[in-house]
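Below is one structure, written out as structure tokens; the observations come after it.
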Amino acid sequence: MSALRLQPWPLDREKRVRDVDAIFRRVAPRYDALTRLLSLGQDRRWKRALIARLPPPRPGAAILDLATGTAELPALLRAAGRDDRVVALDRSRPMLAKAHRKRLPGVRYVVGDLNAIPVAAGRFDAVLMGYGLRYPTDLGATLAAIHRALRPGGVFLSLDFGVPENPIARRAYVAYLLAAGTTWGALLHGRASTYWHIVESIRAYPGQRVVAGLMRDLGFERVSVEERVFGTSVILRGERA
């Protein structure tokens, strides 16, 4: 298996949307298992760290979970004892079908697109996103929409793959994801290329430092970048003034 067989991450909006829809139809049945396998069991710990960086709960608070997938973040919110109202949005119906089976109280599921977030301005105290920043066709437009969705003082928190600044760490990281993704794609789905999109999207991703700068340009304040494992796992945080 060679990296030369990887495809360029689509720049065209319609092709990217089609490809992403096809990817998540295929991976939905095994998605939760795969995130744990690829992270060597660290995925939930990282997601709990994301939730721990939310402001303290308050009556009537509302949280938007973008690219909710199987609603892992809302589930961990409830496990942490938080009863915030949650809108969990994803464009993949198979992923949302798995989310519904978790029967989480106070969570409303919405079919929606990161490229045109269908929420009113100033509605949410926090916006969460897990592994979603690599998928919008216009990252700046998506971040601007997230900023608009926040109430003054609201917080945006994202957990995602990062891009290590060290070139040796970066090559090792991509090699690991490609090898592990190929193995688990073959074992879980009978198709070695199932998870190659992770590497394809990371190769096109500008990296956490660039995204943090873009957030500042769009008006986010107190932007922070928290890196783990040589910058391969990243929590980005920013506030609306």
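The values are calculated or read from the model by the stated rules, or taken from the named source; none is laboratory data. Given the structure is predicted, the values throughout are model-derived calculations rather than measurements. Note that we place each Cβ from the backbone using ideal geometry, even for glycine, and neighbour counts take in every protein chain shown. Areas reflect the complete protein model, heavy atoms only, side chains present, ligands, DNA and RNA absent. Shrake-Rupley method; radii C 1.70, N 1.55, O 1.52, S 1.80 Å.
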* Spin-label model distance (nm) - residue 230 vs residue 176, 7 Å beyond Cα toward Cβ -> 0.7 nm
* For residue 151, list long-range residues whose amide hydrogen, built 1.01 Å from N in the peptide plane, is under 5 Å from its own amide hydrogen. => 123, 124, 125
* Using only Cα atoms, find the angle between the long axis of helix 208-217 and the longest principal axis of the chain, and express it within 0 to 90 degrees, rounded to the nearest 10. => 30 degrees
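Over all alpha-carbon pairs in the chain, figure out the percentage whose distance exceeds 34 Å. Write down the numbers at each step before the final one.
On the way: 2893 of 28920 pairs.
Here the long-distance tail beyond 34 Å is 10 percent of all Cα pairs in the chain.
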* Span from the the stretch 179-241 Cα centroid across to the the stretch 130-172 one, whole angstrom -> 7 Å
* So what is the relative contact order of the stretch 100-215, in percent, for Cα pairs below 8 Å that sit 6 or more residues apart? -> 22 percent
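Mind checking the dipole of the stretch 118-183: about its Cα centre, +1 per Lys or Arg Cβ, -1 per Asp or Glu Cβ, Debye to the nearest 20? Intermediate values should be presented prior to the final figure.
On the way: 6 positive and 4 negative charges, 9 e Å.
Charge dipole of the stretch 118-183: 40 debye, to the nearest 20.
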* Report, in debye and to the nearest 20, how large the dipole of the chain comes out about its Cα centre when Lys and Arg carry +1 and Asp and Glu carry -1 on their Cβ. => 580 debye
* Asked: Any idea how far apart residue 168 and residue 101 come out in nm if each label point goes 7 Å out from Cα toward Cβ?
  -> 4.4 nm
* Positive-end residue, the chain charge dipole about Cα centroid, Cβ charges, pick of 155, 92, 137 -> 92
* Structure fact -> Largest fluctuation, 90, 65, 12 only, Gaussian network model of the chain with Cα springs under 10 angstrom, belongs to 12
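With +1 assigned to the C-beta of every Lys and Arg and -1 to the C-beta of every Asp and Glu, and no other charges, what is the dipole magnitude of the stretch 110-241 about the Cα centre in debye, to the nearest 20? Working shown, then result.
Values: 14 positive and 11 negative charges, 13 e Å.
Using only the charged Cβ atoms, the result is roughly 60 debye.
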* Asked: What percent do you get for the relative contact order of the chain when only Cα pairs under 8 Å and 6+ apart count?
  -> 19 percent
* To do: Indicate the gyration tensor shape class of the stretch 85-125 (rounded, prolate or oblate), computed on the Cα atoms with a ≥ b ≥ c the square roots of the eigenvalues: a/c under 1.5 is rounded; otherwise a/b larger than b/c is prolate and the rest oblate.
  => oblate
* Asked: residue 68's amide H: which non-local residues (gap 5+, or another chain) put their own amide H closer than 5 Å, with H modeled 1.01 Å from N in plane and none for Pro or chain starts?
  -> 89, 90
* So what does log10 I(q)/I(0) come out to for the stretch 108-157 at q = 0.23, 0.24, 0.29 Å⁻¹, using the Debye formula with one equal point on every Cα and no solvent? -> -0.89, -0.96, -1.31
* Structure fact -> Farthest towards the positive end of the dipole of the stretch 101-241, among 234, 109, 164 and with Cβ unit charges of +1 on Lys and Arg and -1 on Asp and Glu, lies the Cα of 109
* **Two-site FRET efficiency, residue 111 against residue 12, from Cβ-Cβ distance with R₀ of 25 Å, rounded to 0.05** => 0.65
* Multiply the residue separation of residue 186 and residue 53 by 0.36 nm, subtract the distance between their alpha-carbon atoms, and state the gained length in nm to one decimal. => 44.3 nm
* Carbon-plus-sulfur fraction of the accessible area of the stretch 1-64, 1.4 Å probe, in percent? -> 57 percent
* Write down the accessible area per residue of the chain in Å², having rolled a 1.4 Å probe over the full set of protein chains. => 46 Å²
* Most mobile of 103, 16, 82 in a GNM of the chain (Cα contacts under 10 Å) -> 103
* Structure fact -> Counting only DSSP beta bridges with both partners in the chain, the antiparallel fraction in percent, to the nearest 5, comes to 45 percent
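Calculate, in whole percent, how much of the Cα-Cα pair population of the stretch 155-241 lies beyond 18 Å. Intermediate results must be reported in sequence, preceding the final value.
Working: 1874 of 3741 pairs.
Result: 50 percent of Cα pairs exceed 18 Å.
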